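I have placed the structure first, in the form of structure tokens, so that the comments after it can refer back to it.
The values are calculated or read from the model by the stated rules, or taken from the named source; none is laboratory data. In this text, all values refer to a predicted model and were calculated from it rather than measured experimentally. Quick reminder, even Gly has a Cβ in these numbers, built from the backbone with ideal geometry, and neighbours come from all protein chains shown. Each accessible area value is taken on the protein alone, full model and side chains, heavy atoms only, with ligands, DNA and RNA left out. Shrake-Rupley method; radii C 1.70, N 1.55, O 1.52, S 1.80 Å.
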Amino acid sequence: MAVHAGRDGLTQLGVHAVPIDLSTTAPLPSVHDGGLAYEHMATGGSHMEGQSTVYQRLWNPTVARFESGLAVLEGTPESVAFATGMAALSAVLLAVVAAGKKHVVAVRPLYGGSDYLLASGVLGNDVTFTTPEGVRAALRPDTGLLILETPANPTLELVDITEITAAADGVPLLVDNTFASPVLQQPFKHGAAMVLHSATKFLGGHGDAMGGVVATGPEWARRLRQIRAVTGGILTPWPAYLLHRGLATLPVRVRAQQASAEKVAVALAGHGLVQRVYYPGLAECDPGGVIGTQMSGPGSLLAFELASAGHAERVPAAVGMITHAVSLGGIDTLIQHPAGLTHRPVEAGAKPHASLLRVSVGLEEPADIIEDLLQALEATR
Ligand SMILES: *Cc1c(COP(=O)(O)O)cnc(C)c1O
């Protein structure tokens with residue numbers, strides 16, 4: 001499915017690779033038909049076969065191919081793509097606020113940017129941050145959305161989606177599936193109404209294209225396309241092509257990176273300078289038994305704690321092959337300091353420990369990744 005989804009009709013077009021359609025505008029057959037097509041798409045409808053696509057902010061064929069490919073992988077009827085993961089989350093929040101229920105219940109931890117967007121209230125939402133156990137008590141009559149990440153950024157906490165759906169009392173649940181990818185976990189099958197990705201991470205997988213996507217059913221898809229058409233946070237054709245191409249190798253990359261991450265986690269957990277390793281594959285990190293049921297494997301993100309913030313800040317500067325950089329899910333291994341970088345805007349009480357580092361394990365030989373991490377730990381002790 002990853003190789004073929006979104007590639008239909010190529011033979012009839014006489015091509016083998018997916019075409020990149022860069023047109024910002026499209027010929028109109030008549031004022032009447034063009035106008036109807038415009039109205040249909042601007043209010044959240046999909047492009048109608050044989051009609052004009054009118055304007056790229058409303059519809060683009062290359063983007064639509066990526067959307068249908070991702071929907072197949074997530075097992076959802078549809079998906080709606082955006083310029084970035086944050087544009088996707090913004091569209092969801094705007095849709096929730098526009099529907100008149102502006103309170104959001106958010107399970108922490110979340111990606112720092114998502115936490116900050118929710119906490120700032122710039123899009124008109126209220127928010128209550130809580131734990132998985134606190135969800136039911138946090139619900140209000142005006143709660144329009146429940147949001148969580150599993151595994152969560154940066155400490156890889158796992159949440160049982162079915163349990164949360166039961167506690168949510170009908171409030172739609174959005175699961176940020178960026179860390180797991182649809183290869184390891186498909187939240188829609190466990191009751192999530194929406195599945196969000198920063199496509200910038202695993203889906204693209206090469207660190208060279210930004211995007212965001214929400215996989216969902218027809219009703220949310222219509223609302224999100226309408227918000228996208230009027231606010232303009234669209235995914236454009238060139239990154240859409242790269243993200244779609246990334247889907248073909250996604251299962252192979254995810255499994256290879258995961259196999260290496262399991263080795264890196266064991267090596268770090270057995271090292272005297274490491275106080276604690278956070279990795280879903282370690283028994284103590286999966287008390288609820290999520291791996292093997294909801295999630296087919298532990299993935300390739302891990303975090304570890306050192307004895308001091310000072311040591312943690314020195315390590316990223318001491319790696320050689322590995323790159324000190326934010327982002328994750330790409331072909332090469334990255335290390336970063338969440339409290340100082342990705343989770344910097346999170347309020348003090350909810351920030352990750354300053355002695356924590358996060359690693360996204362790439363496709364290099366696992367022995368090379370381990371050797372580089374261990375030499376950096378020793379060199380900076
Ligand atoms: C990176 C990230 C985002 C934001 O995505 P962008 O594409 O950077 O806008 C959202 N959620 C998670 C879990 C992320 O890692």
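Things to note:
- Spin-label model, ALA283/ALA350: points 7 Å from Cα along the beta carbon direction are separated by 3.3 nm.
- Expressed as a whole percent, the proportion of Cα-Cα pairs in the range 10-247 lying more than 23 Å apart is 47%.
- In a fully extended conformation the segment linking GLN12 and ASP368 would gain 123.6 nm over its present Cα-Cα distance, using 0.36 nm per residue.
- By accessible area with a 1.4 Å probe, ligands and nucleic acids excluded, highest first: order of HIS271, HIS206, HIS197, HIS4: HIS4, HIS206, HIS271, HIS197
- The magnitude of the dipole of the range 139-179, with charges of +1 and -1 set on the Cβ of Lys/Arg and Asp/Glu and taken from the Cα centre, is near 80 debye.
- Simple Cβ-charge dipole of the range 10-247, Lys/Arg +1 and Asp/Glu -1, about Cα centre, in debye nearest 20: 260
- Simple rule: put +1 on each Lys or Arg Cβ and -1 on each Asp or Glu Cβ in the range 68-212, find the dipole, and look at LEU203, ALA95, ALA193; the Cα lying farthest toward the positive end is ALA95.
- Residue ranking by accessible heavy-atom surface, 1.4 Å probe, largest first, among MET194, MET321 comes out as MET321, MET194.
- For ALA106, the residues whose modelled amide H falls within less than 5 Å of its own, excluding neighbours fewer than 5 places apart on the same chain, are THR128, PHE129, THR130, ILE147.
- Ordered by solvent-accessible area of protein heavy atoms (1.4 Å probe), largest first, the residues SER46, SER296 come out as SER296, SER46.
- Since only ALA318, MET41, LEU268 are under comparison, the one whose Cα sits farthest along the positive direction of the charge dipole of the chain, derived from C-beta charges on Lys, Arg, Asp and Glu, is MET41.
- Here the range 29-140 has 57 percent of its accessible surface on carbon and sulfur atoms, given a 1.4 Å probe and all protein chains in place.
- Annotation: per residue accessible area for the chain equals 41 Å², rounded to a whole number [probe 1.4 Å, protein chains only].
- Distance from the range 263-324 to the range 122-193 (C-alpha centre basis), Å: 23
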